[in-house]
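Reading through the structure tokens given below for one structure.
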């Protein structure tokens, strides 16, 4: 403080005579007094004023106390912030009318909470009363431990009974290992149901032969597959944080299997070889063999996956359960397969065994290698060559190629079936499906139920939801459908459908699909006992009666006649018979017919008279729907747009099964023990009724999984939000899941080669992003040197003062372009990112070269301030979007903020080095040669960085399997614009940026004109200004994105803002002539705290994503980052525009010898005020 006092002692008074100063706020400019103390004459302009004002008298009171001045500055600005923001907040709360979203009608229904009652509330099935029938405050008993013991789940026939053996061949026991010492494990369930557990709104357990009186919790369901024991024992060790009351009984019954040594493919093959006598062959015409034993059909259970898919630990447990329960425990009735889409068409997997095996090992966990089959789009182009002519397509809503997996997901299934004609049926399964019960019980029950159904009014029943509580038993529902169909005067479907084919060929239908009697003569007999050719999990509806956007994606039929009649089942999950698949193959290969994947199998079955059924599996809702409202909404929409498969798709948001369901994933994660929307999680389970126990149900979609708050395989906001899904738009953009590599708990389930390759690729991408900072920011961050050169060596036409706006214009144009470019390249033009970046590099280079030929000041403004900035923005936006996607989810963690921090550090390296380089070029060669040299450097480094940053493959690939099969197109979600959080941060960024750009532009000239420093010292200041940002950017990114002490975005931005404002007001504002040390301290301090501000945006985006998750909304991180950059651009432009009048206002002033008294005084005050408001988010404390 003694040093500070010494500085202040030089200022004996603030008296001023004859000179007008640019005052602090509230200063009376009327006093005309001479400045007898300032040794610096800043301007010759004079302003004659009047008497001394209040501000002048206040300055005189403070002139001899440096402590008072310092504390007064801090207190004044702190008080100002509190008053202004507090007033705004009070006004907002008192007067603002919140524009709430209009609720859907179902959002007004009471929520159901019985799902979350745990194992300590179990009651016997006979005592269970569904929550829908109980008052909200109904009481129930909570036990100290589960009141029942877990039991083995055995849904199989008694393979050893005389009754079974009389009709079938004996079943040979299957084992996990070759020496047959490790038995296929059992799973366990509780013989009870949680008290107040809700009932499904449609579908039924008993009709599908699923036990209705038991529930599954995670230890009994997944414990046998490695959930609950350590990795050293061959498990996955996922239960470390789980609540576990009563779990010790399950644990005692489990025989731990070392799954590191299991080869599921060979286990399946051994099982089939031991039992192949039980099964029919594809050429068999008899249901019995020479021993008069029944021959059973065989099924393939096909999981459609893709290269780059992240096999999370929960997915591993699920696949193990599928293989064990469907194949090994059943004696080989099923084979489980992974059908892997190789997204890189250039990999010759069909021609090279080496390429095939390498791709397999890098993309599939080792335990599943022998059940995987690879395919690629290039293969299928050869297999189904078409032609599929554009003129034969009714409507291609997705505007993409017919061979894209989005429009041809059935092609690989058809191809697989042709390679495996030994299977009577193929279950087409998706990777985002989860089933909480026993797989064999579910699929076997579905097959048996479907076989019992008669064909009469079959398609009419298929189009409706069966609501047992309203419609009664299935027989009553059948009668109701017959009655309602008769009332509509619509002709029931009976056998193959005849439609006008026009000039194109149509395949004839099989003879055995033609009805044996007339419709009237049939007494619900035809079809009974006949296996279904198609089983779907959603109704088979007529798309022509809805506004489903993809209803007209029909190809290969004569478009001069009416569109063929169609049927559709949303979600491609289904069971397909061999003969249906063969007909689909013939239709595609021979006559070039195809439709959108969700429409193709149902329509072919419809055309050819195959037996197709919608399976009424139990579906739960998170709200207590009135039964009549449920029936009206889903079965009796008044208009096509109100159809639940059109404009009414939002009605499925609270369901456990549909393509846009949110409740399905939330309930699944709660069942696993994770916290969801602030509820559940290990701690709350232990404090409550312990872990969830759910009746068997099918969850879809499940976009990410977690077993507790520390273990999550995907960022919550990467799931597709319901409210962003529009039935009026379709595109592959919505179907790209962003997945990371590796596993939640650090155990590896992929090969070391894959992990090493992924790490190397991310390292190269980060290197490319770091290199790109030089061409993007090199000129704008060193423009202060150029401006100083222009001011001292002006030879062009026009006023040299105009060059002051070039730097801020360049920054402003660059930043303002980013939101628009982000919107363009986030999804719609994602595949053109690298092309656009190259075009930007060329534009920037040409602009820099053209500026070297400038003869007028506007030439410089146009080339250096506008065109070059546009080119740099074209490089910046695509590469930064890709960087964020590559680091959005790696090894189960989000490292985006750290990646941004590292690149911003490199940006500051550029800002530290470039001023010296620019100075050397300008002094030795002049600005014309300097600009040409810089153009060459910018072009070379731009192209290098672009090559190193490819677009993330999940963005490039338009695949329904990559997103959960056949999703509707999702536009960029804008829901965040309804919430104030975005605006608070945007305003903060605008204000901080308005002040941040001023020292970058004016510090060198300030150092020369005010503090009388040398040219070298002035350049040093600009370098020192940028150097601290190297560390600060990484540090602030780390503060927002570390596992040890993560700080909220509001806290980190406040630290940056407050510290940089204090540096401005107390260091820059109090500098005097020759104060190199003080200016250096300001440059270091301000450069550190203000320079790290941009690195806080990763944390800001994380906070906005968390808020979106709380609202069950989607948010696009790339678009958010672009908008935040846009806010920065507005700030830069605003600061640049404000700087000119602020300088004019300060011209001619001279109060003492501090920076406040100089021409730059108003700029210093503006910088301090604007930067401090960059942290105002902490005062709002986003709720």
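Let me check against my output: what whole-number percent is the relative contact order of region 442-614, with C-alpha pairs under 8 Å and at least 6 apart? Let's see the in-between values first.
Numbers: 259 pairs, mean separation 56.0, N = 173.
Across region 442-614, relative contact order equals 32 percent.
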What are the semi-axes of the equivalent ellipsoid for region 442-614, taken as the square roots of 5 times the Cα gyration tensor eigenvalues, largest first, in whole Å? 26, 17, 17
Work out, step by step, the length gained on full extension between residue 916 and residue 530: first 0.36 nm times the residue separation, then minus their alpha carbon distance; give nm to one decimal. 130.6 nm
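Cut-off is 10 Å between beta-carbons; in what order do 253, 931 appear when sorted fewest neighbours first?
On the way: 253 16, 931 26.
The most exposed by this proxy come first: 253, 931.
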Say each of residue 138 and residue 764 gets a label point 7 Å from the Cα, pointing the same way as Cα to Cβ; how far apart are those two points in nm? 6.1
Stretch gain in nm, segment residue 366-residue 162, where the contour uses 0.36 nm per residue and the Cα spacing is subtracted: 69.4 nm
Please compute the length gained on full extension between residue 266 and residue 105, using 0.36 nm multiplied by the number of residues separating them and subtracting their Cα-Cα distance. 52.7 nm
Using the Cα atoms of region 423-478, I'd like the radius of gyration and the largest Cα-Cα distance, Dmax, both in angstrom. 14.0, 39
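Convex hull volume of the Cα atoms in region 383-464, per residue, in Å³? Before the final figure, lay out the partial values.
Working: hull volume 16.0 nm³, N = 82.
Hull volume normalised by residue count: 195 Å³.
Can you compute the FRET efficiency between residue 178 and residue 251 using 1/(1 + (r/R0)^6), with r the Cβ-Cβ distance and R0 = 35 Å? Round to the nearest 0.05. Display every interim value, and only then the final one.
Numbers: r = 27 Å, r/R0 = 0.78.
Efficiency computed from Cβ-Cβ geometry: 0.80.
Quick check on packing: order 264-274, 327-337 by the mean number of other C-beta atoms within 10 Å, highest mean leading. Walk me through the numbers before you get to the answer.
On the way: 264-274: 19.5, 327-337: 24.8.
Averaged packing, sorted descending, gives the order 327-337, 264-274.
Could the peptides 997-1010, 180-193 be put in order, highest first, of the mean number of other beta-carbon atoms found within 10 Å of their residues?
On the way: 997-1010: 23.9, 180-193: 19.1.
So the peptides 997-1010, 180-193, ranked by packing, come out 997-1010, 180-193.
How big is the antiparallel share of DSSP beta bridges in region 442-614, given as a percent to the nearest 5? Display every interim value, and only then the final one.
Values: 6 of 9 bridges.
So the antiparallel bridges in region 442-614 amount to around 65 percent.
With the alpha-carbon atoms as the only input, what is the per residue convex hull volume for region 800-953 in Å³? Could you put the intermediate results ahead of the total?
Working: hull volume 17.2 nm³, N = 154.
Spread over its residues, the Cα hull of region 800-953 gives 112 Å³ apiece.
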Checking rank on 677-687, 589-599, with mean other Cβ inside 10 Å and highest first, the result is 589-599, 677-687
For residue 357 and residue 487, FRET efficiency with R0 = 41 Å and r from the beta-carbon atoms, rounded to 0.05? 0.10
Run the quick spin-label model on residue 419 and residue 792: label points 7 Å from Cα toward the beta carbon, then report their separation in nm to one decimal. 7.2
Distance from region 907-948 to region 196-215 (C-alpha centre basis), Å: 70
FRET efficiency for residue 382 and residue 451, using Cβ-Cβ distance with R0 set to 45 Å, rounded to 0.05: 0.75
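Just so you know, all these numbers are worked out from the coordinates, no wet-lab data involved. Remember, predicted model here, so these are calculated numbers, not experimental data. Note that we place each Cβ from the backbone using ideal geometry, even for glycine, and neighbour counts take in every protein chain shown.
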